[in-house]
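The values are calculated or read from the model by the stated rules, or taken from the named source; none is laboratory data. Computed from a predicted model, the values in this text were never measured in an experiment. A quick note on method: Cβ atoms are made from the backbone with ideal geometry, for glycine too, and the neighbour counts reach across all protein chains shown. Areas reflect the complete protein model, heavy atoms only, side chains present, ligands, DNA and RNA absent. Shrake-Rupley method; radii C 1.70, N 1.55, O 1.52, S 1.80 Å.
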Amino acid sequence: MHFARYWLAVAATSFLFFACPGPMRNDAGTGGGPATGGGDGMGGSATGGAEDMDSGAGGGGNSTGGGDGMGGGATDGGDDVDGGTGGGDIDGGMVTPVTNDTCGTALDITSMLSDGADGGTTTFTVNLAGANNDDEGTCAAISSTGKDAVYKLTLSAAKNITVSAAPSASGSDPAVYVRKANCAMGTELRCVDNASMANATEVATAKNQAAGDYYIFIDSYDANSAGPVTVTVTVDGPTLVPQGDVCASAIDLTPAAGSSTHTVNGNFTGFDNDSSGSCGGGASDAVYKLTLTAPQDVTLTMSTSQSMLTPLIYVRGSMCEQSMAEIADSCVSGTLSTPAVATLLNLPPGDYYVFADSVATSLQGPYSLTVNLAPPTPAPTNDTCATAQDLTSALVATADGGMGTSFSVNLAMVGADYNGTCYSTPADGKDVVYKLTLSAPHDIRVTTTGGGNGDPVIYIRQAPCLTGGELNCSQLGFPGQGEDAVLYNQPAGDYFIFIDALTAESSGVQNVNVWVTAPTIGGVGDTCATPIDITSMLAATADGGTGTTVTALGIDTHADYTGTCRAAANTGPDTVYKLTLTAAKDIVVTTSPASDGGVDSFVYIRKGVCASGVEVACADDGVQNNPETARARNQPAGDYFIIVDNYSAATAGPQTLNVVLTAPTMDSPGESCATATDITSMLTATSDGGMGTTLNVDLTNAAADYVGSCRTSSPTGKDKVFKLTLTGTKDISVSSTPGANGDPIVYIRRAPCDASVSEVICADDRNIAETETAVADNQPAGDYFIFVDAYNAATSGPQTVTITVSGP
């Protein structure tokens with residue numbers, strides 16, 4: 001329930017998905033062996049297991065401590081955070097329900113203080129595994145599954161409040177926030193969550209608080225990190241706080257009427273270290289408030305005469321305490337001899353909080369902070385495909401004989417309209433579109449860098465802009481890193497370049513370079529223009545089918561393409577094979593590393609048109625040295641293209657490709673896009689004036705054919721497809737509730753059903769036995785396809801699916 005560590009969830013190399021102890025699913029999870037004192041084991045199914053433990057429902061058994069096992073269930077193992085069969089509390093018993101998990105049941109701890117109403121200290125332990133998810137702090141605005149407990153504290157006079165929350169067991173990951181009455185809607189005084197370190201002790205301090213009621217929330221990162229926490233509350237002081245030390249007393253930085261500039265001189269002496277920005281800041285800081293009544297370009301300059309202080313500034317929106325409210329590109333540091341300067345273009349009217357900080361140091365000293373306002377820079381006009389900006393005429397000759405152009409664009413001023421396929425969750429990052437026309441074959445290279453906490457994304461599509469095949473997508477997954485997308489030997493035609501960002505908060509200024517150079521001619525199989533045709537190589541197999549085995553990865557291959565099951569930047573070289581079917585067949589392709597040399601491949605199959613055809617299968621388990629198998633059932637006669645790809649250039653290596661054709665497997669109703677079950681006529685009137693239906697869907701005997709963008713591991717979950725036709729603009733809501741140990745995933749696509757780029761929404765909270773809900777508002781008339789899926793084969797079982805159409 002607190003600050004999303006999304007940059008931790010994107011692996012720099014694909015095998016990291018399996019190296020990290022949490023918070024991720026563990027598909028194996030061997031249970032602990034016999035422990036001291038007998039019983040079933042100490043530690044539960046798998047020590048450190050987090051979100052889902054797909055095999056290993058048992059907890060720790062009757063080991064030391066009695067009950068269900070030491071560390072079993074809620075903390076270190078079990079089927080999920082609430083413990084599997086036999087799972088228990090940290091000390092061996094069943095998890096005790098937390099009764100004070102809402103504002104209405106807040107536990108008053110005033111009398112527990114060592115000096116009672118006059119203050120003092122109290123320490124207690126709460127196991128959040130027994131609580132529910134009821135509240136969120138402003139530093140915890142991304143994940144909404146963390147469990148929380150609420151405590152009431154009454155001050156009879158002005159005092160300091162300090163709350164420390166220390167994890168009492170591995171896997172517990174607390175957050176703390178404090179509100180001034182009332183409990184549910186009161187002003188949040190402090191919210192702390194160490195976003196860069198799981199299992200850290202969190203300390204929230206609110207100084208010089210007036211007499212009255214206060215509410216302390218002990219929360220967790222998510223449901224899986226809700227475990228035992230030792231809480232210490234100290235009431236002392238009060239310590240007088242200088243103006244500007246905290247958000248509540250921010251110093252006005254707004255220029256006077258008729259003026260466009262304002263300078264304040266400050267001194268960090270006596271100020272605490274309360275906050276930090278995305279680019280740093282671990283020393284004393286001061287807060288200033290800037291109010292804009294109209295859109296403005298804002299330039300902030302911070303300098304210091306203290307020789308050992310390095311100035312640093314960052315800006316947040318109206319939620320001053322919330323680190324995720326930081327304005328993109330606003331976090332800038334200077335040097336020991338130069339000021340920090342941040343320029344923010346076309347900021348809309350509203351309140352902004354400017355933090356004067358410095359690179360971590362114990363020094364305190366003087367500084368100056370200046371704001372300059374200027375007329376707003378116009379927003380980009382190429383917000384959508386319909387208004388794509390043509391770059392072709394902007395290209396100029398480069399020293400290498402090619403053509404190129406460079407420009408900057410501020411994504412903060414546009415909308416979030418599109419998504420690429422190289423990140424695992426549909427993002428809310430803002431985007432712009434450029435058009436590039438080639439009159440002859442050329443290489444295309446696009447790079448972009450973002451400042452501060454900017455997190456760029458690049459993807460390139462063939463024409464048409466909205467539905468053309470994606471040729472490349474680059475997203476390394478780390479704020480502040482640039483992106484580089486390269487296409488080799490692309491034929492003449494129109495191409496659309498999308499400059500995007502991973503999140504709304506990281507949508508700021510990007511510096512973009514586009515180059516067009518002479519085509520790089522690779523070996524046979526390098527591109528769709530020169531595929532290796534293996535049709536004539538097929539020979540009879542023992543099972544009555546046909547097949548062939550070839551050496552994969554030709555000579556001089558480049559990183560040209562990527563499959564939908566590859567959730568990161570496309571830097572691995574790939575080889576293209578062509579297969580022509582004269583009748584309907586099942587296609588099974590397997591690529592295997594020639595040795596255990598760190599090769600990390602994936603494979604996908606496209607139908608019809610090589611570069612932009614519908615992908616009918618994609619396989620990537622994310623593990624080095626493992627074979628990958630992609631299956632496409634009952635494919636009709638025609639041309640197919642098999643692309644053997646690699647996670648990165650560093651993990652490419654010799655492989656063998658095995659291709660087998662067998663008699664077509666006939667799909668049952670709902671088994672595939674071709675046989676999607678049409679539920680339009682099943683809708684009936686609902687009490688709220690909409691239409692809806694409830695289906696009992698059993699995935700036990702289904703096949704694993706598709707994968708949604710929010711599914712971040714190997715696509716082994718079984719799925720079924722339903723068709724819904726809208727005759728007018730409507731809101732669509734799909735909820736799936738699983739049976740025991742089920743773990744559903746739900747996603748919705750527009751037509752065409754087979755195309756991953758048609759996805760509208762995908763829902764997966766990654767917790768076993770929890771309902772998933774996907775809502776797509778304001779969808780225009782047309783055909784939609786609802787995919788009822790599961791995390792993996794083990795969690796593919798009965799689901800109750802409710803589909804409603806309303807509004808908009």
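Within the range 524-544, find all residues whose amide N lies under 16 Å from a label point positioned 7 Å from the Cα of T582 along Cα-to-beta-carbon. Residues 534-541 qualify, since their backbone N sits under 16 Å from the label point. A 1.4 Å probe, protein heavy atoms only, puts the accessible area of E188 near 30 Å². When T447, T535 are compared by accessible area at a 1.4 angstrom probe, the order from most to least is T535, T447. Label-to-label distance for T338 and S668 is 6.7 nm, based on points extended 7 Å past Cα in the beta-carbon direction.
Model label sites at D596 and A399, defined 7 Å from Cα along the beta-carbon direction, differ in position by 4.8 nm.
Within the same chain, lysines fewer than 8 places from K578 are excluded, and of the rest, those with a Cα less than 22 Å from its Cα are K607. Judged by the ratio a/c of the largest to the smallest principal axis of the C-alpha gyration tensor, the range 541-663 counts as prolate, that ratio being 1.5 or greater while a/b is larger than b/c. Across the range 607-729 the C-alpha pair distances fall into 10 Å bins from zero in the proportions 9, 32, 32, 17, 8, 2, 0 percent.
Using the Cα centre as the reference, give the magnitude of the dipole from point charges on the C-beta atoms of the range 744-808 (Lys, Arg: +1; Asp, Glu: -1; all else neutral), rounded to the nearest 20 debye.
With Lys and Arg at +1 and Asp and Glu at -1, about 80 debye.
Choose one of V599, L579, V589: the residue whose Cα lies farthest towards the positive end of the charge dipole of the range 559-612 (beta-carbon charges +1 Lys, Arg; -1 Asp, Glu; about the Cα centre). The listed residue farthest towards the positive side: L579.
Straight-line reach from K435: taking Cα to Cα under 18 Å and skipping same-chain neighbours fewer than 8 places apart, the aspartates and glutamates in range are D383, D390, D417, D443, E470, D484, D494, D500. Working from label points 7 Å from Cα in the Cα-to-Cβ sense, the F407 to T121 distance is 6.1 nm. Using the structure shown, select from K147/K723; K289/K430; K152/K430 the pairs with a Cα to Cα distance greater than 30 angstrom. Violating the 30 Å limit, Cα to Cα: K147/K723; K152/K430.
If a spin label sat at a point 7 angstrom from the Cα of S156 along the line to its beta carbon, the backbone N atoms of the range 113-128 nearer than 14 Å would be those of 113-120. Projecting the Cα atoms of T239, T187, S260 onto the charge dipole of the range 175-277 (Cβ charges, centred on the Cα centre) puts S260 farthest toward the positive pole.
Dipole of the range 525-633, Cα-centred, from +1 at each Lys and Arg C-beta and -1 at each Asp and Glu C-beta, to the nearest 20 debye?
That gives the range 525-633 a dipole magnitude of about 440 debye.
For K159, list the lysines whose Cα falls under 19 Å from its own Cα; do not include residues on the same chain fewer than 8 positions away. Result set, ordered by chain and number: K180, K207.
Could you order S507, S276 so the one with the most accessible surface comes first? Probe is 1.4 Å.
S276, S507
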